[in-house]
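Let me begin by presenting the structure, written as structure tokens, before commenting on it.
The values are calculated or read from the model by the stated rules, or taken from the named source; none is laboratory data. This is a predicted model, so every value here is computed, not measured. All Cβ positions, glycine included, derive from the backbone under ideal geometry; neighbour counts span all protein chains shown. To get the accessible areas, we keep the full protein, side chains included, count just its heavy atoms, and leave off ligands, DNA and RNA. Shrake-Rupley method; radii C 1.70, N 1.55, O 1.52, S 1.80 Å.
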Amino acid sequence: MKKLFPITALLFTFLSSSAYSQNNQFYYDYKYKSDSLNRNLIDSELMVLDSFNNGSKFYSKQKANADSTRSAIIKAAIAKGSTNIMVGDIKDGKISDKVLKSYPSYSTKLLTKISSQPLVLENNNKIDWKIFPEKDMILNYNVQKASTTLYGRKWVAWFASDIPVQDGPSLFYGLPGLILKIEDTVGDHAFTLVSTKNLPSEAILDDKIRNNQIVVSEEKFNKLWREYKQDPTKNMRAKNSEYSTGDVAVTTSMSFGGKTYSEVEMIKAIDKERRDDIVKYNNFMFLNLYK
């Protein structure tokens, strides 16, 4: 019997590794408190980690479904020669940010935006983990505790060495096994694995950066965020001024609720709304990016 145990353990390790050597999809329940003025309000979103041989992509399931549906409607309308395209009733996801990682370097790209400007925040820094002896069970997987500090928050993670994918939700990676759960120490942001599935073998990683996405450093992102806080509608006014050249002035207006609003009134209302949001929704996952 003593000779059988190492063989059994080796066989289990082989089967576990081979099960996760192909393209995989991991679903995480993301719970977060974005409203700093109402700490009892907890939002949630189903997030997806698509893992391939050369990298991974992390995104909102609802946002991906909405984008796919919207694209299909537009393509069908164009094919029919129709100009009446109705996509306003599609329910979008609450999380628009995406994360791309490259294997084996694990360089990361955070696809986000400030106001309407799409940005790509690149990071090649390694995460400094501390691994503890504590063990637990998540989805029938043996997991082990680890901790780190990232972008101004302290995080506690639980990883499964039986799933040999050194990745995890959002920007997290670098442990000897998939991160099944990670939560900041004050309980504002938490990811928990809820299910897994295999992706088709022909599936490939979509890691293309769009032409309108600007690549920035952490310092540049901080600068853009500070400028946005000081003047949230600066870009709107700049774009509107592009349509007024020389002696030709172009004005716009909008009617709503039986009342017509001028361009100045619209921008003023949007400015107030954005300033209120900056005060209210500032409990960001990565605090140091928004300092």
(request) Could you identify the single residue in PRO104, PRO164 that is in a loop (DSSP other than H, G, I, E, B), at pLDDT below 95, surrounded by 15 or more Cβ atoms within 10 Å (Cβ to Cβ) and over 15 Å from the mean Cα position of the chain (by Cα)? (result) PRO164
(message) Could you check the stretch 174-202 and list, in sequence order, the residues that are surrounded by 14 or more Cβ atoms within 10 Å (Cβ to Cβ), assigned to a loop (DSSP other than H, G, I, E, B) and touching a strand residue (DSSP E or B) at 6+ places or on another chain (Cβ under 8 Å)?
(response) LEU175, GLY177, ASP188, LEU199
(message) Among the numbered criteria (1) hydrophobic (A, V, I, L, M, F, W, C); (2) within 30 Å of ASN235 (Cα to Cα); (3) part of a strand (DSSP E or B), which one does LEU171 miss?
(response) (3)
(request) Scan the stretch 163-214 for residues that are in contact with a Phe, Trp or Tyr (Cβ under 6 Å, 6 or more places away or on another chain), among the hydrophobic types (A, V, I, L, M, F, W, C) and either farther than 20 Å from PRO133 by Cβ or without any contact (Cβ under 8 Å) to a residue 60 or more places away in the chain (or both) and report the count. (result) 9
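When only residues in the stretch 203-222 that are assigned to a helix (DSSP H, G or I) and in contact with a strand residue (DSSP E or B) (Cβ under 9 Å, 6 or more places away or on another chain) count, which is least open to solvent (accessible area, probe 1.4 Å)?
Among them, the one singled out is PHE221.
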(request) Would you check if ASP67 is farther than 30 Å from GLY174 by Cα, surrounded by 14 or more Cβ atoms within 10 Å (Cβ to Cβ) and free of Cβ contacts under 8 Å to residues at least 60 places away in the same chain? (result) yes
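Within the stretch 125-142, take every residue that is part of a loop (DSSP other than H, G, I, E, B) and among the hydrophobic types (A, V, I, L, M, F, W, C) and give me the one that is surrounded by the most Cβ atoms within 10 Å (Cβ to Cβ). Can you show your working first?
Applying the first criterion (part of a loop (DSSP other than H, G, I, E, B)) to the stretch 125-142 yields 125-129, 139-140.
Then keep just the ones that are among the hydrophobic types (A, V, I, L, M, F, W, C); that gives 127, 129, 139.
Numbers: ILE127: 19, TRP129: 16, LEU139: 13.
Once the filter is applied, the top-ranked residue is ILE127.
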(request) Please find, within the stretch 143-158, the residue that is farthest from LEU287 (Cα to Cα) out of those that are open to solvent by 10 Å² or more (accessible area, probe 1.4 Å) and of a type in the set (A, V, I, L, M, F, W, C). (result) TRP158
